[in-house]
């Protein structure tokens, strides 16, 4: 569900139609925001708060190579394959992406791509429900009580004695909250394009902060990442805010809620989702990073052979 590259002229036209009396201010903000999709590279940090947990994704992206190097939590089904260590110690993984769907994960046995990981036997398989894309669990205390650790199966029902989303398994077991963590990447330059293309009710809220409402299509694209074929967004809505400083985007927030259908092992479940993501953008145009050659090979990238060593002159 990736969005084609949008021209700045089209973006500004849509923004002007929505901005009404504040057109000049919002148009200038949109121009600043849309510098990110044109940037050669950048660094970002996203904090996501969903129904199950709060987690962070820290990454660097290079547009020319279409490579990203990311530190992020991995879903339970992947984590149990990349390490035999307890889940709490391997929650974060280093992942290299080509685009936003093709990835390789650094494991305790070297870099492995998606196909290799899928063929590996789970080394820490202690739950029959680890195939869910996001996973049930995380730690969250509130009106629904405290839930168990991510990737450790189904904890008991919450304080009310009922499951947050009902008995979705049909077997009497009560799942805790669902985390919308996915195994594909949603890069900020793509998200910004989706947001601006689906924005309405644009207004400058305070100084350099602009906000608005997302169309249902835009909210669905942000709720479920490209390539996550086992998850289908059924409905979605959301709002956003952009922070602009010195003519460039430095931070943005997206609040989403909706309902998704998750299919795993032939079973379909419908789940309500609530999610807030805050992303900070840094080092635009000056970010430099190296993806190891081993990881590149796993991503299908040809590695130039090392030039032959120069021969020593004969005596």
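The values are calculated or read from the model by the stated rules, or taken from the named source; none is laboratory data. Nothing here was measured: the structure is a model prediction, and the numbers come from that model. In this analysis, Cβ positions are derived from the backbone assuming ideal geometry, glycine residues included, and neighbour counts consider all displayed protein chains.
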| request: Determine whether the range 93-107 contains at least one residue that is over 17 Å from the mean Cα position of the chain (by Cα) and modelled with pLDDT of 90 or more. | output: yes
| task | Taking the residues in the range 188-221 that are surrounded by fewer than 22 Cβ atoms within 10 Å (Cβ to Cβ) and in a loop (DSSP other than H, G, I, E, B) as candidates, determine which candidate is farthest from the chain's Cα centre (by Cα). | result | 207
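In the range 222-232, is there at least one residue being over 16 Å from the mean Cα position of the chain (by Cα) and exposed (fewer than 13 other Cβ atoms within 10 Å of the Cβ)? Break it down stepwise before answering.
Step one: of the range 222-232, the residues over 16 Å from the mean Cα position of the chain (by Cα) are none.
Taking every residue of the range 222-232 in turn, none turns out to be over 16 Å from the mean Cα position of the chain (by Cα) and exposed (fewer than 13 other Cβ atoms within 10 Å of the Cβ).
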